[in-house]
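Taking it in order: structure first as structure tokens, then the write-up.
The values are calculated or read from the model by the stated rules, or taken from the named source; none is laboratory data. The structure presented is a predicted model; accordingly, all values stated were derived computationally and were not measured. Backbone-built Cβ (ideal geometry, glycine too); neighbour counts: all protein chains shown. We work out accessible area using only protein heavy atoms, side chains counted, and drop any ligands, DNA or RNA first. Shrake-Rupley method; radii C 1.70, N 1.55, O 1.52, S 1.80 Å.
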Amino acid sequence: MNKSPLIADIAGARAVLVASTGGHLAQLHRLAPQLRLAERPLWVTFESEQSKSLLANERVVYLPYIAPRDFRAVMSSGAIARRLLMDEDFDVAISTGAAAALPILPRALLKGKKVVYIESVSRFEGPSLTGRIMGSLPGVKLFTQHPEWANSKWIHKFSVLDDFVSVETGRSPSERLRIFVSLGTIRPYRFDRLVDRVRQIAPHGDVCWQLGETVRDDLPGKVNAYLPAAEFEKQARSADVVVTHAGVGTALALLDLGIYPVLVARRSSHREHVDDHQLQIAKRLQDLGLAISPSADELTLEHLQFAASRRINRLGVS
């Protein structure tokens, strides 16, 4: 990425950084150093193993969890947001979405502060619901990470996917693989189709599971509901292949670790997510050569073996 500040007019600013946990927080945490903000910004997010690990040395305020499209929860967070912004001395509020942005950014605008909204890299065809709401507010500076739908309102300057490339490892295919399966932390959605498929195609493999909301008591191997970042990294690095939902936060974490993932998109038709945006991130990463992305029903052992034969490099990083 460009060595200059990504957004020149906020360099050095005192910031409030707002993002829901998962991919939104992962993207903002990745972009924050390149924004060249003043030291010790205030982070606003939900409390989770991910946020506690990523933001362990930061100033953090935790909002009560807001599920996707739960506007009642957005309204109930208003009092916390008002107190937070009253107590904090800041110049700019910046968010990568989703619902956590809604109690904070409009109130920052009312206080006369700069507001920046960076749409998630998972939105390839246009803004999310949160993005559309932010776009309706005068004065919000809007950024898309995809040039295909950039316009005079939505500016394209950067993407968190810009600096990755995949290479072959020379690893020979193996019938027996060490597999790490991670289903993310999105509530309240399950992903039993992927769990059942992995069991079907690799019944005798060594499997470690991070299941999130997909609570099961019938699985072989090491079963976890949630993992802190350090343990997630340990399991991902020790596996031959990582099979995961196509959440952008999980995908970015794996790419950063040099892992070529098997990305399997959750589908709204199976009640696995609120919409089908994971199809878009899975397809784009496959098109970029950074992942393989079969559907849950089409996943095969050959997909796992192929992923195990590749790794990810960062451009400009030895």
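Points worth noting:
- Within the accessible area of segment 66-188, the carbon and sulfur atoms contribute 52%, probe 1.4 Å, all protein chains present.
- Distance in nm between pseudo-label sites at His270 and Asp206 (7 Å out along the Cβ direction from Cα): 2.8
- Averaging the sequence gap over all C-alpha pairs within less than 8 Å and six or more residues apart, then dividing by the number of residues, gives segment 18-146 a relative contact order of 24 percent.
- Which listed pairs, of Lys113/Lys157; Lys111/Lys153; Lys157/Lys283; Lys157/Lys234; Lys52/Lys222; Lys114/Lys283, have C-alpha distances above 25 Å, in listed order: Lys157/Lys234; Lys114/Lys283
- Counted charge near Leu299, where neighbours are those whose Cβ lies closer than 15 Å (Asp, Glu -1; Lys, Arg +1): -1
- Neighbours of Ala108 by Cβ distance under 14 Å: Lys/Arg scored +1, Asp/Glu scored -1, total +4.
- Its residue count N sets the reference 2.2 N^0.38 Å, and the alpha-carbon radius of gyration of segment 1-80 equals 1.18 times that reference.
- Antiparallel content of DSSP bridges confined to the chain, in %, to 5: 15
- Percent accessible area from carbon and sulfur atoms, segment 1-59, protein chains only, probe 1.4 Å: 48
- Net length gained if the chain between Arg176 and Lys283 were fully extended (0.36 nm per residue, minus Cα distance): 35.8 nm
- The Asp70 and Phe306 beta-carbon pair, evaluated with R₀ = 51 Å, returns a calculated FRET efficiency of approximately 0.85.
- Förster radius 25 Å - calculated FRET efficiency between Arg36 and Asp162 (Cβ-Cβ, nearest 0.05): 0.90
- Across segment 60-178, Cα-Cα pairs farther apart than 20 Å form 52% of the total.
- Contact order, relative form, for the chain: 17 percent (alpha carbon pairs under 8 Å, 6 or more residues apart, mean separation divided by residue count).
- Inter-probe distance in nm under a simple model that places probes 7 Å from Cα toward Cβ, at Asp91 and Ala11: 1.2
- Arg314 versus Lys141: modelled label distance in nm, points set 7 Å from Cα along the beta carbon direction: 2.5
- Each of Leu288, Val262, Thr300 was scored by the projection of its Cα onto the charge dipole of segment 259-318, and the greatest displacement toward the positive side belongs to Leu288; charges sit on the C-beta of Lys, Arg, Asp and Glu.
- Arg82-Ser152 FRET efficiency (beta carbon distance; Förster radius 35 Å; 0.05 resolution): 0.60
- Dimensionless Rg ratio for segment 120-261, taking C-alpha atoms and the 2.2 N^0.38 Å reference: 1.27
- Label point of Asp196 set 7 angstrom out along Cα-Cβ; within segment 293-313, amide nitrogens under 19 Å from it belong to 294-301.
- Shape box of segment 192-318 [Cα atoms, principal axes, largest first, Å]: 44, 30, 29
- The chain: most fluctuating residue of His273, His156, His204 per GNM, C-alpha cutoff 10 Å: His204
- Charges were assigned to the Cβ only: +1 to each Lys and Arg, -1 to each Asp and Glu. The resulting dipole of the chain about its Cα centre is roughly 740 debye.
- Accessible surface of segment 213-318 [probe 1.4 Å, protein heavy atoms]: carbon and sulfur percent: 49
- Per residue accessible area of the chain, 1.4 Å probe, in Å²: 45
- About its Cα centre, the dipole of segment 23-147 is roughly 280 debye, where the only charges are +1 on Lys and Arg Cβ and -1 on Asp and Glu Cβ.
- Pairs of C-alpha atoms in the chain farther apart than 28 Å represent 39 percent of all such pairs.
- Neighbour-limited loop hits for trypsin sites (Lys or Arg not before Pro), segment 227-318 (at most 13 other Cβ within 10 Å; DSSP other than H, G, I, E, B): Arg271
- Cα-based helix-to-principal-axis angle, 229-238 vs the chain, degrees rounded to 10: 30
- Ellipticity estimate at 222 nm from DSSP helix runs (n ≥ 4, -39,500 (n - 2.57)) divided over the chain, nearest 500: -8500 deg cm²/dmol
- Computed over segment 244-309: relative contact order in percent, which uses C-alpha pairs under 8 Å that are six or more apart: 32
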